[in-house]
Amino acid sequence: MRPTDVQRLTVAEAVDRYAEMVRAKCTTGALAPATAEVYARDVHTFAELAGPDRVLDDLTGEDVDEVLLRFARKPDGRRAAVRRAADSAPASGTAG
């Protein structure tokens, strides 16, 4: 008997499917919006580091380990975004 055909997804396609599932769980109340945002951001960062055009099944355990190490070393962009927003906001209590 011939095995069923396997659909080879790229990392980006797998991430899109995961992000859609996270959005659905948020819509149903199974996940809080803030949690869904963190999950989606982290999986998109994983795709960026792993290579979005790579086929997911072609990633080895060593590839995943390397991506996770790079992820751990990557500066947290949330804090920089908050600082940029605070720096660009007008100071409260000042005359305009």
Whole-percent carbon and sulfur contribution to the accessible surface of the range 11-75 (1.4 Å, no ligands, DNA or RNA) stands at 57
Based on the Cα atoms of the range 11-75, what semi-axes does the equivalent ellipsoid have, where each is the square root of 5 times one gyration tensor eigenvalue, given in whole Å with the largest first? 23, 14, 8
In whole percent, what relative contact order does the range 11-75 give with Cα contacts below 8 Å and a gap of six or more residues? 39
Compute the length gained on full extension between Asp63 and Ala32: take 0.36 nm times their separation in residues and subtract their Cα-Cα distance, giving the result in nm to one decimal. 8.1 nm
Mean Cβ-within-10 Å packing, highest first, puts peptides 30-43, 10-23 in the order 10-23, 30-43
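The values are calculated or read from the model by the stated rules, or taken from the named source; none is laboratory data. Remember, it's a predicted structure, so these values are computed and weren't measured experimentally. Quick reminder, even Gly has a Cβ in these numbers, built from the backbone with ideal geometry, and neighbours come from all protein chains shown. Only protein heavy atoms, including side chains, enter the accessible area calculation; ligands, DNA and RNA are left aside. Shrake-Rupley method; radii C 1.70, N 1.55, O 1.52, S 1.80 Å.
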